[in-house]
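Where a number appears in this text, it was derived from the coordinates with a stated rule and is not lab data. Computed from a predicted model, the values in this text were never measured in an experiment. Virtual Cβ from ideal backbone geometry, glycine too; neighbours counted across all protein chains shown.
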Amino acid sequence: MTVTDIALVGIGKIARDQHIPAISADPAFRLAATVSRSGGIDGVETHADLPALLAARPDIPAVSLTMPPVPRYAAAAAAIAAGRHVMLEKPPGASVAEVLKLERQARARGVTLFATWHSRNAEAADAARDWLADKAIRSVRIDWKEDVRKWHPGQDWIWQPGGLGVFDPAINALSLVTKILPVQLHLTEATLSFPENRAAPIAAALAFAGPDGLSAEAAFDWRQDGGEVWQIEIGTDAGTLRLVDGGARLMIDGTEQPVEAPGEYPSLYRRFAELIEQAESDVDPEPLIHVADAFMLGRRETVAAFTD
């Protein structure tokens with residue numbers, strides 16, 4: 001098996017919790033370098049910024065970008081221009097246009113671009129998609145609620161323009177729905193709740209429409225007390241499907257179904273290795289399009305100030 005050297009750019013919480021263990025366990029990759037201004041990883045060379053890495057290590061063919069979405073376009077564009085394969089943490093960018101532009105740049109440069117959606121690799125995602133494939137969809141309800149102080153403590157960037165606010169976790173739900181549903185939805189209305197002292201929403205209520213009169217609803221909230229709610233419920237002509245715990249568990253008419261999968265981030269790196277070997281890219285902006293539509297169509301309401 002060919003082992004690909006990879007550099008990890010942005011050593012924050014998601015990199016330490018998910019990316020580093022996944023890379024370490026994948027025989028297709030070797031973590032050869034990192035880019036971080038806040039400390040790297042013991043035993044791995046660290047560079048202060050991406051241009052320094054690209055100049056010093058032309059032998060590293062792949063980079064995985066885990067920094068916040070606003071600066072990610074410039075980093076990805078620079079890596080692509082330098083002939084490197086690029087993997088993007090979700091969301092793949094701060095805007096739909098820049099993601100589509102990166103896709104064109106990667107194609108022109110002949111490198112792989114992988115815009116990841118880690119929740120699409122949740123343990124029960126494939127089983128849910130397969131069960132729904134031949135069903136008539138009657139209803140869709142998404143509830144994605146968590147405590148922002150628990151999951152994003154001190155992450156001021158997430159409240160800034162382009163940081164997405166509550167849509168940072170909510171886009172995980174949208175990525176799951178767009179994978180498992182056999183029909184396509186489009187947004188029809190939204191209400192976005194902005195704390196009076198923040199530039200991004202803390203909660204959102206969305207409504208969607210689909211074929212044959214299908215309607216769907218989503219409730220996203222960062223003010224959740226008493227435990228996370230990460231659930232999708234889909235009514236069909238053959239029963240009700242529920243994905244719970246962020247897609248880790250699957251219920252059909254209340255009965256839990258057996259599922260088996262290697263895990264979200266191990267699956268992402270396995271897919272990245274396949275794409276590099278096959279000289280292909282994988283870029284699906286649909287979840288980000290739904291978020292962009294919510295900001296375009298959404299009615300804004302001001303709610304109480306938020307302090308971390």
Practice problem: Return a whole-number percent for the relative contact order of the chain, with Cα pairs under 8 Å and 6 or more residues apart as the contact set. | Solution: 20 percent
Self-check item: Approximate spin-label separation His186-Gln278, in nm, with each point projected 7 Å along Cα-to-Cβ
Solution: 3.0 nm
Practice problem: Among the GluC sites (Glu not before Pro) in segment 188-223, which ones are in a DSSP loop with at most 14 other Cβ atoms within 10 Å of the Cβ? Mind listing them? | Solution: Glu196
Quiz prompt | Alpha-carbon Rg with Dmax, taken over segment 238-282, Å | solution = 15.1, 43
Self-check item: Charge sum, other residues only, whose C-beta stays under 9 Å from Val140's C-beta, Lys/Arg counted +1 and Asp/Glu -1
Solution: 0
Self-check item: C-alpha long axis of helix 286-297 to longest principal axis of the chain, angle in °
Solution: 60 degrees
Self-check item: Evaluated over the chain, the Cα radius of gyration and Dmax, each in Å
Solution: 19.6, 59
Quiz item: How many percent of DSSP beta bridges within the chain run antiparallel, rounded to 5?
Solution: 50 percent
Self-check item: Surface/4 estimate of mean projected area, convex hull on alpha-carbon atoms of segment 156-308, nm²
Solution: 11.6 nm²
Practice problem: Could you tell me which trypsin sites (Lys or Arg not before Pro) in segment 2-56 are loop residues by DSSP with no more than 13 other beta carbons within 10 angstrom of their beta carbon? | Solution: Arg37
Practice problem: Any chance you could run the full-extension gain for Ala133 through Asp225? It's 0.36 nm times the residue separation minus the Cα-Cα distance, nm to one decimal. | Solution: 29.6 nm
Exercise. Determine the gain in length on full extension of the stretch Ile252-Glu196; use 0.36 nm per residue of separation and subtract their C-alpha separation, reporting nm with one decimal.
Key: 16.0 nm
Self-check item: Gain on full stretching of the segment that runs from Arg104 to Arg16 - 0.36 nm per residue minus C-alpha separation
Solution: 28.6 nm
Self-check item: Selected from Phe114, Ser95, Thr34, residue furthest toward positive end of dipole (segment 4-115; charges at beta carbon)
Solution: Ser95
Quiz item: Quick one: if you take sqrt(5λ) for each eigenvalue of the C-alpha gyration tensor of segment 192-241, what semi-axes come out, biggest first, whole angstrom?
Solution: 28, 16, 5
Exercise. List the relative contact order of segment 106-218 as a percent without decimals, with contacts defined as Cα pairs under 8 Å and 6+ residues apart.
Key: 29 percent
Quiz item: Quick one: net charge of Glu256's neighbours, Cβ under 10 Å, K/R +1, D/E -1?
Solution: +2
Self-check item: Residues of segment 128-165 with amide N under 20 Å of the 7 Å Cα→Cβ point at Ala209
Solution: 137-142
Quiz item: Per residue, what volume in Å³ does the convex hull of the Cα atoms of segment 4-115 enclose?
Solution: 90 Å³
Quiz item: Taking neighbour Cβ counts within 10 Å as the exposure measure, how do Asp42, Asp49, Asp308, Asp293 sort from fewest upward?
Solution: Asp42, Asp308, Asp49, Asp293
Quiz prompt | Paramagnetic reach from Ala52 in segment 1-31 [backbone N under 17 Å; point 7 Å along Cα→Cβ] | solution = 7-12
Practice problem: Could you pull out every residue, at least 5 positions away or on a different chain, whose amide H is within less than 5 Å of the one on Thr4? Hs are placed 1.01 Å off N in the peptide plane, and Pro or chain starts have none. | Solution: Phe29, Arg30
Exercise. For segment 176-261, just say rounded, prolate or oblate: build the C-alpha gyration tensor, square-root its eigenvalues into a ≥ b ≥ c, call rounded for a/c under 1.5, and beyond that prolate if a/b exceeds b/c, oblate if not.
Key: oblate
Self-check item: Net charge of neighbours whose Cβ lies under 10 Å from the Cβ of Ile234, counting Lys and Arg as +1 and Asp and Glu as -1
Solution: +3
